[in-house]
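The values are calculated or read from the model by the stated rules, or taken from the named source; none is laboratory data. Model, not experiment: these values are computed from the prediction. Virtual Cβ from ideal backbone geometry, glycine too; neighbours counted across all protein chains shown. In case anyone asks, the SASA skips ligands and DNA or RNA and just uses the protein heavy atoms, side chains included. Shrake-Rupley method; radii C 1.70, N 1.55, O 1.52, S 1.80 Å.
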Amino acid sequence: MLVLTRRRNESVILNENIEITILEIDGDQVKVGIKAPKEVEILRKEIMVKIEEENMNALKGNHDLKKFF
Amino acid sequence: MNIKTRYHEEIEVSKEDIIYFGSGIPGFPEDKEFINLPLGMDSSFSILQSINNEELGFVIAEPFSFFKEYEFDLDESVITQLKIKDKTDIIIYSIVTLGDSLATSTVNLQAPIIINKRESLGKQAILNTDKYHTKHVLATKKQMGQEG
């Protein structure tokens, strides 16, 4: 992983067209601003992980569908 | 071509029926080609089956038949990726996690499956919202939108 040190109001640029700015630092919370083209998907990682876990859950078990539908 | 499926045994599929999921499905990024296999004639349920991985078959349902007030805005990124030109071209499903019975089964309303029929493109969109979560109980659908 690339590690960079940034101060408040400093940014990093990804792929020429995505800008990530540190807006506010308050204890263990950091407010981050992201400027990106509309087609770029931006997600909180914990939501992504939750969806992956639920997809795994959905495949668990060996259900006899005749009993359901 | 013939494929093995999780719930329908071996079946024949034609190329036109294949829906391409460019980034796979979260948790299963390798599998990109799926087909939608109906469960009976007038069921709201069907199976989203990977054509390359027999075990990868999700029970899916049309959410609006159970959750009348379900609504969300599609992100521009999804509209671009799925080349959506007209909203009548899309079908929306939700993945069902089966319990012991239908009454204890849950529906993931936070990550709807969006399919553009015209382009045969699909994606599991993830909604950046607290309004919906991954386990809405089918039986208590009136409580939709509440935390559970």
Computed E for residue B:2/residue B:72 - FRET, C-beta separation, R0 41 angstrom, nearest 0.05: 0.65
With every protein chain kept in the model, how would you rank B:58, B:66 by accessible area, 1.4 Å probe, largest at the top? B:66, B:58
Counting helices only, and only those DSSP H runs with n ≥ 4, report the 222 nm mean residue ellipticity of the protein assembly as shown as the sum of -39,500 (n - 2.57) divided by its residues, in deg cm²/dmol to the nearest 500. -2500 deg cm²/dmol
Name all residues of segment B:104-119 having a backbone nitrogen under 13 Å from the label point set 7 Å from the Cα of residue B:52 along its Cα→Cβ direction, giving them as ranges. none
Cα centroid separation, segment B:73-107 to segment B:17-50 (Å): 11
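Using DSSP to call loops (not H, G, I, E or B), can you name the GluC sites (Glu not before Pro) in segment B:1-46 whose Cβ has at most 12 other Cβ atoms within 10 angstrom? List each step's numbers first, then the result.
Values: sites: B:9, B:10, B:12, B:16, B:30, B:33; in loops: B:9, B:30.
Answer by residue number: B:9, B:30.
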Fraction of beta bridges assigned by DSSP in chain B that are antiparallel (%, nearest 5): 95
Taking 2.2 N^0.38 Å as the expected size of a compact globular protein, what ratio does the Cα radius of gyration of the protein assembly as shown give against it, to two decimals? 1.14
Measuring from its Cα centre, segment B:2-143 shows a charge dipole (+1 at each Lys and Arg Cβ, -1 at each Asp and Glu Cβ) which, in debye to the nearest 20, is 360
